[in-house]
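The next block holds one structure in the form of structure tokens; read it before the comments.
The values are calculated or read from the model by the stated rules, or taken from the named source; none is laboratory data. Please read all numbers here as calculations on a predicted model, not as lab measurements. Note: ideal-geometry Cβ built from the backbone for every residue, glycine included; neighbour counts use all protein chains shown.
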Amino acid sequence: MMQAAPSGSYRILRVVANAARAVAVAIAVSSAVSTTQAAVIGDAAPSFALSGPQGAVSLDAIRARGEWTYLDFWASWCGPCKQSFPWMNGMHARYGGKGLRIVAVSVDTRTPDAEKFLASNPASFTIAYDTSGDTPRRYAVKAMPTSLLIDPAGRVVLVHAGFKTEDRTALEDAIKNALSRTAK
């Protein structure tokens, strides 16, 4: 017995059913993403405890000291990250003694990749490794580098994606303004 080819209306129904399934999946994914959006100005910054070359790195410990945190997510393969490291070294030299802690979290899945990057791009500030990717997921990081300025109470006051030479002045001004509000 031969089967007849699907009629035109059957094909249309199949396309509509597939499209409806795709829309349902898209809605479910966007709902999940929006509920994990943590890097919003005014929101509490998610806590983290990571390890790095200098030892344990914890947002809670930084907050307990009453310091501002410039949290930077970077990767060894990221060109703008290479540009941001000398700038962060300068910010650390200028403001590290004035209540600013710079923490740069590598999102590389292999620590040796991050270590190789650091060998040619030394950091005078705190480095942490997150090979699992949990911390950038919790901060909803979508670009490299992504930086956040977090106040001593643990609230996000600035979110910045990317790094360009022309960003330097505005970022430093935001840091200076923040530190002036809680001068130590």
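Structure data summary
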item	result
Tally, over region 48-61, of residues that are outside any helix (DSSP H, G or I) and either under 16 Å from GLU115 (Cα atoms) or without any contact (Cβ under 8 Å) to a residue 40 or more places away in the chain (or both)	9
Residue match in region 119-127 (condition: assigned to a loop (DSSP other than H, G, I, E, B) and of a type in the set (A, V, I, L, M, F, W, C))	yes
Of residues in region 136-169 being assigned to a strand (DSSP E or B) and of a type in the set (A, V, I, L, M, F, W, C), the one surrounded by the fewest Cβ atoms within 10 Å (Cβ to Cβ)	ALA161
Single residue of ALA123, ALA140 found to be of a type in the set (Gly, Ala, Ser) and farther than 20 Å from ILE175 by Cβ	ALA140
Residue in region 62-85 that is nearest to PRO152 (Cα to Cα), counting only those that are at pLDDT below 95 and part of a helix (DSSP H, G or I)	ARG63
Matching residues, region 55-87, being touching a strand residue (DSSP E or B) at 6+ places or on another chain (Cβ under 6 Å) and either closer than 21 Å to THR109 by Cβ or surrounded by fewer than 19 Cβ atoms within 10 Å (Cβ to Cβ) (or both)	VAL57, SER58, LEU71, ASP72, PHE73, TRP74, CYS81
